[in-house]
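The values are calculated or read from the model by the stated rules, or taken from the named source; none is laboratory data. It should be emphasised that the depicted structure is a prediction, and the values quoted were computed from it without experimental measurement. Neighbour counts run over all protein chains shown; Cβ positions are idealised from the backbone, glycine included. Accessible surface areas use protein heavy atoms only, side chains included; no ligands, DNA or RNA. Shrake-Rupley method; radii C 1.70, N 1.55, O 1.52, S 1.80 Å.
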Amino acid sequence: MRVLVLALAVSALAACQQPAGNADPTPAARNGTGQAPAASPAASANPLLPPERILRSDAIGYDGFNGSDQAGTVTARFGADGASVRQAWGGEMKDNRDQRPDATCHLLYPVRGAVTHQYAFLMAGDQLAGIDVYDPKAIAPGGGRVGMSIAEINQAYAGQTKQVPNPTFEGSAFIEVAAPQAKHSQLTFETDALGTVTHWRISQRGVLEASESCTR
């Protein structure tokens with residue numbers, strides 16, 4: 001009798017120690033068809049956000065803005081009105097004209113969500129006078145871009161640069177690059193106090209000062 005009880009106990013213990021891999025991996029996930037339900041789809045992008053505007057890396061040049069996918073095209077030249085700039089951009093834009101009713105210039109800037117903009121179109125009256133670029137992927141004529149050091153800008157534009165202190169922020173500077181002949185615009189890089197380019201601008205010469213932001 002003791003032998004029989006011992007045998008039954010060993011058998012029960014062995015059953016409890018069967019490898020977990022032999023069990024149904026998804027017993028609770030079975031549905032009426034006997035099949036496990038499909039995995040939930042990944043969360044989709046916010047449909048309320050307008051799609052990101054993809055620009056050519058060389059979209060900003062000495063003549064203005066290229067909103068097309070063709071190199072060398074200018075779809076909004078300096079001097080163009082606000083309607084032409086909006087059409088060239090091809091997406092939602094806002095302006096801060098109401099904040100500057102007595103100012104000589106205002107911003108026309110792209111909108112993505114409610115947030116920031118990496119391009120700012122500077123309007124003198126209702127004419128495009130300059131473009132500020134904060135996008136690190138964008139390349140200025142000659143190869144400069146956001147994130148470069150003063151030394152790298154001087155190397156890229158050897159013999160063409162002039163450094164001017166920025167009176168607004170101590171230690172920061174403007175690096176002006178001589179424009180090609182017959183061009184009436186100016187390329188300027190702005191740096192922080194550490195000498196790193198934070199953004200760059202191409203603007204009509206004699207229309208806007210380098211320090212004019214057209215903001216509040």
Roughly speaking, what is the centre-to-centre gap between region 114-163 and region 68-89 when only Cα atoms are used, to the nearest Å? 17 Å
The percentage of the accessible area of region 106-161 (probe 1.4 Å, all protein chains present) made up of carbon and sulfur atoms, to the nearest whole number, is 53 percent
List, in order, the whole-Hz ³J(HN,Hα) value for each residue of region 197-205 obtained from phi through the Karplus relation with A = 6.51, B = -1.76, C = 1.60 and θ = phi - 60°; use x for Gly and Pro. 5, 9, 6, 9, 9, 10, 9, 5, 5
Show me, for region 63-74, the HN-Hα J-couplings you get by feeding each phi into the Karplus relation (A = 6.51, B = -1.76, C = 1.60, θ = phi - 60°), rounded to Hz, glycine and proline as x. 9, x, 10, 10, x, 9, 9, 9, 5, x, 8, 10
At a probe radius of 1.4 Å, what is the per-residue accessible area of Tyr62, in Å² to the nearest 10? 40 Å²
Heavy atoms only, 1.4 Å probe, whole protein assembly: order Ser203, Ser57 by accessible area, highest first. Ser57, Ser203
Check Gly67: other-chain or 5+ apart residues with amide H under 5 Å from its amide H, H built from backbone geometry? Thr75, Ala76
With a ≥ b ≥ c the root eigenvalues of the C-alpha gyration tensor of region 85-176, is it rounded (a/c under 1.5), prolate (a/b larger than b/c) or oblate? prolate
Got a number for the accessible area of Thr215? Probe 1.4 Å, square angstrom, nearest 10. 60 Å²
Are there GluC sites (Glu not before Pro) in region 72-180 that DSSP marks as loop and that have at most 15 other Cβ atoms within 10 Å, and which are they? Glu92, Glu170
Ignoring everything but the protein chains, give the 1.4 Å probe accessible area of Asp81 in square angstrom, nearest 10. 60 Å²
Classified through the alpha carbon gyration tensor (a ≥ b ≥ c as square roots of its eigenvalues; rounded if a/c is under 1.5, else prolate when a/b is larger than b/c, else oblate), region 141-201 comes out prolate
